[in-house]
Amino acid sequence: MQTNSSDYFGELYNRYIPLIYGVCLKYLKKSEKAKEVTLELFEILLAEVSTHEIKVFKTWIYNVTANHCLQILKREQHIPVDFDASDEQFDYVLYLLEKNVSKEKTEILTPCLEKLPKQQKTSISMFFTEKMSYADIADQTGYLLKTIKSQIQNGKKNLKNCIEKHQNE
């Protein structure tokens with residue numbers, strides 16, 4: 001980044017303070033807490049802005065703000081962000097997604113993983129093979145938490161269908 005980049009970021013940040021505050025208020029429900037987090041986010045976002053390729057600033061700042069607020073809620077109110085991965089209908093998919101997979105499992109799983117849409121493949125890989133939480137995946141990808149949960153659930157269904165089709169051939 002250039003030396004004046006923090007000035008440019010500051011200007012952008014000032015333009016989006018109402019959006020940031022609104023997102024914080026939506027999630028945190030308390031005006032004072034939302035104001036505090038809005039100010040706190042400036043330092044966080046200033047550090048983050050140089051590590052991301054940002055195409056649409058408004059979308060990026062909204063996602064980072066929402067994810068930060070969800071992390072606060074999780075930390076303070078113990079909101080669970082992981083679902084029970086032992087759903088019976090997906091046991092075989094989960095078995096295939098274990099880190100130490102045999103050659104046979106890899107031959108079944110790899111083509112099915114490759115067929116998944118990019119967001120599903122990324123979310124599934126980070127969650128199951130890298131054992132990342134939803135919040136960690138959100139930090140790395142910029143996806144919203146509910147999007148990640150949806151991508152993982154849809155990805156598991158798609159993998160299950162693909163594996164069953166592969167086994168029946």
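Full extension of the chain between Lys55 and Glu11 gives 14.1 nm of extra length, using 0.36 nm per residue less the Cα-Cα distance. Applying 1/(1 + (r/R0)^6) with r as the Cβ-Cβ distance of Lys165 and Leu46 and R0 = 41 angstrom yields a FRET efficiency of 0.25.
Straightening the chain between Leu73 and Ser125 buys 16.2 nm, computed as 0.36 nm per residue apart minus the Cα-Cα spacing.
The numbers here are math on the coordinates, done by the rules we state, and not lab data. The structure displayed is predicted, hence computed values, not measured ones. FYI the Cβ positions are ideal-geometry reconstructions off the backbone, even for glycines, and counts take in every protein chain you see.
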